[in-house]
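Notes follow once the structure below has been shown.
The values are calculated or read from the model by the stated rules, or taken from the named source; none is laboratory data. This is a predicted model, so every value here is computed, not measured. Cβ coordinates were reconstructed from backbone atoms using ideal geometry, including for glycine residues, and neighbour counts include every protein chain displayed. Surface accessibility is based on the protein's heavy atoms, side chains included, excluding ligands, DNA and RNA. Shrake-Rupley method; radii C 1.70, N 1.55, O 1.52, S 1.80 Å.
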Amino acid sequence: ANGSFEEWNGGIPTAWGNDGSNATAHNATITQSTEAYEGSYAVVVNGDKANKRLASKSYTLPAGTYTYTIYVKTNGGDAGHCRIGYVPITDGKSGSYIYEDAAASAATDNWTARTMEFTLTEETTIVLVVMNNKAGNGASFLVDNATLVKK
């Protein structure tokens, strides 16, 4: 929902950020950007000296194989380090984070797709995450066009 980041309410993109359904998965400071891959808006995921995550609302998904994709770009001069993944939610609590096989890497000056394929073996409630890795030394990056597709 709202993977285009076009809908905002109170400075937070609808269906993203701390919405109560995603346990403690969301811990990043985020802002709206008018520099977007498509449409009018993207989200800035600010960095820190610790890992910071933009989280989606929770989704209960049937067993199957999924492809999760986002577009990422630098936000100014310094580049935050991006990694995408998901976290299972059980009884309102976050489980262990599962990230793409690729290590966190610096965002570039051009919009670049980050893609992760994963398989759920049974119906599972998950939260999608975009992590700004502490390796980026506090730099931010832009995120737009998040999609999740079942194969």
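Couple of notes before you dig in:
- Neighbourhood charge, 15 Å Cβ-Cβ cut-off, centred on residue 99 and excluding it, Lys, Arg +1 and Asp, Glu -1: +2
- Length-normalised contact order for the chain - Cα pairs under 8 Å, 6+ apart - percent: 34 percent
- Rounded percent of accessible protein surface that carbon and sulfur make up, the chain, 1.4 Å probe: 44 percent
- Separation of alpha-carbon centers, segment 17-50 and segment 81-128, rounded to whole Å: 15 Å
- Unsatisfied cross-links (Cα-Cα over 20 Å) in the set 73/151; 57/150; 73/134; 52/73; 52/93: 73/151
- Once the Cα gyration tensor of the chain is diagonalised, semi-axes √(5λ) in Å: 23, 16, 15
- The residues of the chain expose, per residue, 47 Å² of accessible area to a 1.4 Å probe.
- Shape category assigned to segment 7-61 from the gyration tensor of Cα positions, a/c cut at 1.5: oblate
- Summary value for segment 1-84: 26 percent relative contact order, contacts being C-alpha pairs under 8 angstrom separated by 6+ residues.
- For segment 67-151, the fraction of alpha-carbon pairs lying more than 19 Å apart is 40 percent, rounded to a whole number.
- All other residues whose Cβ lies under 15 angstrom from that of residue 41 are scored, Lys and Arg at +1 and Asp and Glu at -1, for a net of -4.
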